[in-house]
Every structure is written in structure tokens, then in C-alpha cells.
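See below for the structure under consideration.
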Amino acid sequence: MTAAVLWLVAGLLLLGTEVVTGTFVLLMFGGGALVAAVASLLGLGLVGSAAVFAVVTVLLLAGRSPLRRRLERHTPHTPTRADALVGGAATVLARVDGHGGRVRIGDDEWSARAFDGAQVIEAGERVTVVRISGATALVLADR
């Protein structure tokens, strides 16, 4: 009975930790521990329940990748604020070239680089945001 309680506690702790991490790894180990608790209650000793834990965990881990793919396929892509800026207009605040510069996008000021590294865009010109790379907007002149 003691082994079953230990397996149950371990399984619940692993499942609770999975809720925080969301990686689907601890979920598989927690499932193995819960099945091992049931096996222990049915009379298997510590070695038997440990073997059940190992087998069930390996089987669950084998199903992890297909499960993640299935869940991700049904999860819609939520664009970030940076994604929403791509294609929008900006105004050059400080000369933009292949090495750097500053632009105003909406009410925010961003570091910027010319998307075409050879292009030089002077202050006051309108540009289009082509891509966001980290905290830098890659822009092209509206000509």
C-alpha cells in the first residue's frame, strides 16, 4: 500500500508540474506513475510497479510527438504586435542605411536598417516596414 501511495503522490506532482511547464514530457511520466500506482494496488511489488512505470512511460513518450503535432495543427496562429507592423508605413527620424537608423512606427520609435543594405534613406522620408528582426525594423523607401 505504501508503494502505491508514493506512486500516486509522484504522479500527481508530475501532473501538477506539467500544468506549469506545458511541455507534455512530465505528463507522460505522471501517467506512468499513476499506472504504476494502480499496478502496486493490484499486488505488484516495487520492482513490478517500477517495470510498469518504465513501460507505460516509454509508450506514452512514443505518442508525444504525434499528439503535439495534432494539437499544434488545430491551434490558430496569433500574430504578435511586431507581425502586425509588417507592411505598414513608418517615418524616418534619423538616416537609415544598412547599418542602422531610427524610424517612427505609429507612436513608437524603433531602431531600423535598410532592407536593401545599399539603400540610404534620409530623415523625413516615408518607408514601408518589410520585416521585424528582434527590436529592429527592416524598411524600404516608398519611391
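The values are calculated or read from the model by the stated rules, or taken from the named source; none is laboratory data. Model, not experiment: these values are computed from the prediction. Virtual Cβ from ideal backbone geometry, glycine too; neighbours counted across all protein chains shown. To get the accessible areas, we keep the full protein, side chains included, count just its heavy atoms, and leave off ligands, DNA and RNA. Shrake-Rupley method; radii C 1.70, N 1.55, O 1.52, S 1.80 Å.
Of the residues 136, 57, 91, 128, only one is closer than 30 Å to residue 11 by Cβ, β-branched (Val, Ile, Thr) and over 19 Å from the mean Cα position of the chain (by Cα); which?
None of the other options fit; the residue is 57.
Just to verify a result, which residue in region 53-78, among those that are buried (at least 16 other Cβ atoms within 10 Å of the Cβ) and touching a Phe, Trp or Tyr at 6+ places or on another chain (Cβ under 9 Å), is nearest to residue 2 (Cα to Cα)?
53
Just to verify a result, which residue in region 1-42, among those that are at pLDDT below 90 and part of a loop (DSSP other than H, G, I, E, B), is surrounded by the fewest Cβ atoms within 10 Å (Cβ to Cβ)?
That would be 1.
With respect to residue 84, determine if the residue is free of Cβ contacts under 8 Å to residues at least 24 places away in the same chain, assigned to a helix (DSSP H, G or I) and within 30 Å of residue 122 (Cβ to Cβ).
It is true that residue 84 is free of Cβ contacts under 8 Å to residues at least 24 places away in the same chain, assigned to a helix (DSSP H, G or I) and within 30 Å of residue 122 (Cβ to Cβ).
Look at region 43-52 and say how many of its residues are part of a helix (DSSP H, G or I) and open to solvent by less than 50 Å² (accessible area, probe 1.4 Å). Break it down stepwise before answering.
So in region 43-52, the residues part of a helix (DSSP H, G or I) come out as 46-52.
Now narrow it down to the ones that are open to solvent by less than 50 Å² (accessible area, probe 1.4 Å): 48-50, 52.
Residues that pass the stated criteria total 4.
Determine if region 105-113 includes at least one residue that is open to solvent by 70 Å² or more (accessible area, probe 1.4 Å) and touching a residue at least 40 places away in the same chain (Cβ under 8 Å).
No - not one qualifying residue is present in region 105-113.
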